[in-house]
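Note sheet for the following structure.
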Amino acid sequence: MRIAVGQFGPTGRVEDNLEAMGRLAARAAAEGAGLLVLPEEAMLTFREVEDEFAHAVAGSWEPFTEGLARLARQHGLAIVAGGYEPSATDRPYNTLVAVDADGAVAGAYRKLHLYDAFEHRESELITPGDRGLVTVEVGGLTVGLQTCYDLRFPEVSRALALAGAQVLAIPAAWFAGEHKVDHWRTLLRARAVENTVWVAAADTASAATVGHSAIIDPLALTLAEADDDAAPETLLCADVTAERVEEVRRTVPVLANRRTDVLTPPVDVEPGG
């Protein structure tokens, strides 16, 4: 399967962002992609919302999910993108939505690890996820979903790999700062090689984030990466196969060599969550 990663700079308006996603989806389809991974705040970025945040989320969630479904049907490809889902409080969930090529919701993952680090406090704005991890099936491959700060918790990627994930889809809004590009690149490659999986990581493109979206193979080889001079809307593509996962796992059988007799059980994963 051919995978595309779309990088763009979301605004505070879901309508504008769906237009950008539509352009990227059209390009991905033209490249023959079966899956398009878009950033964490594809629905809208909280930094540019003019209305009260919870109110903006309440009015944008349904247009966002319906818009993703429409784009998937129109272009014949699955899409993973991040948005803000209303909750029972004024703090929404940070949720990834995966829709298949027919526009049906294949799974939804609520971000578990909120970004309370580097002087940020995401938990003041967002409710932490409460449903565990999620995998979805796309083009004969099992795709595990995780979001941004989850990348710093290796047990998330390991649990997804043990649940059968051959690809990790990682939408993000990875904040800029000293060494942050290095952290991003290092962690993406580490999650790939330590779990022998493909990584498709879509970051936002803004003054506040690092960009550098990437597609990485199971031996930590970077096949495509958006550089510092990338266009505001950048698309990366690569062919992703189960055979490459199997080949690498024969050479580096880290999952098979785990000491399960001394390690705690993995986190439960809900297929199609």
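The values are calculated or read from the model by the stated rules, or taken from the named source; none is laboratory data. Computed from a prediction, not measured in an experiment: that's the story for all the values here. Cβ placement follows ideal geometry from the backbone for every residue including glycine, while neighbour counts extend to all protein chains displayed. Each accessible area value is taken on the protein alone, full model and side chains, heavy atoms only, with ligands, DNA and RNA left out. Shrake-Rupley method; radii C 1.70, N 1.55, O 1.52, S 1.80 Å.
Summary of computed values
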read-out: Value of [θ]222 nm, deg cm²/dmol, for the chain, DSSP H segments ≥ 4, -39500 (n - 2.57) each, nearest 500; value: -9000 deg cm²/dmol
read-out: Debye-sum result for the chain in log10 I(q)/I(0), which assumes one identical scatterer on each alpha carbon, at q = 0.08, 0.14, 0.15 Å⁻¹; value: -0.28, -0.90, -1.05
read-out: List His55, His75, ordered by accessible area with a 1.4 Å probe, largest first; value: His55, His75
read-out: Added length on full extension, which subtracts the Cα-Cα distance from 0.36 nm per residue, Glu62 to Asp16; value: 15.1 nm
read-out: Leading residue at positive end of dipole, region 140-262 (Cβ point charges), from Ala202, His212, Ser157; value: Ser157
read-out: Dipole axis of region 119-273 (+1 Lys, Arg; -1 Asp, Glu on Cβ), positive-most option in Leu263, Thr142, Ile126; value: Leu263
read-out: Region 216-273-region 119-170 distance, computed between alpha-carbon centres (Å); value: 12
read-out: Estimated distance in nm for a label pair at Glu247 and Arg121, the labels positioned 7 Å out from Cα along Cα-to-Cβ; value: 5.0
read-out: Asp102-Arg258 FRET efficiency (beta carbon distance; Förster radius 45 Å; 0.05 resolution); value: 0.75
read-out: As computed over region 1-142, the Cα convex hull volume per residue (Å³); value: 108
read-out: Largest-first principal axis extents of the Cα set of region 111-185 (Å); value: 40, 29, 19
read-out: Interchain or long-range residues, amide H under 5 Å from Val240's placed H; value: Arg2, Ile3
read-out: Under-5 Å amide H pairs with Ala205, H placed in peptide plane, nonlocal only; value: Phe8, Gly9
read-out: Region 129-273: C-alpha pair distances exceeding 28 Å, %; value: 17
read-out: Residues whose placed amide H lies under 5 Å from that of Leu141, excluding near-sequence neighbours; value: none
read-out: Backbone N within region 224-252 under 14 Å of label point (7 Å from Arg23 Cα along the Cβ vector); value: 231-235
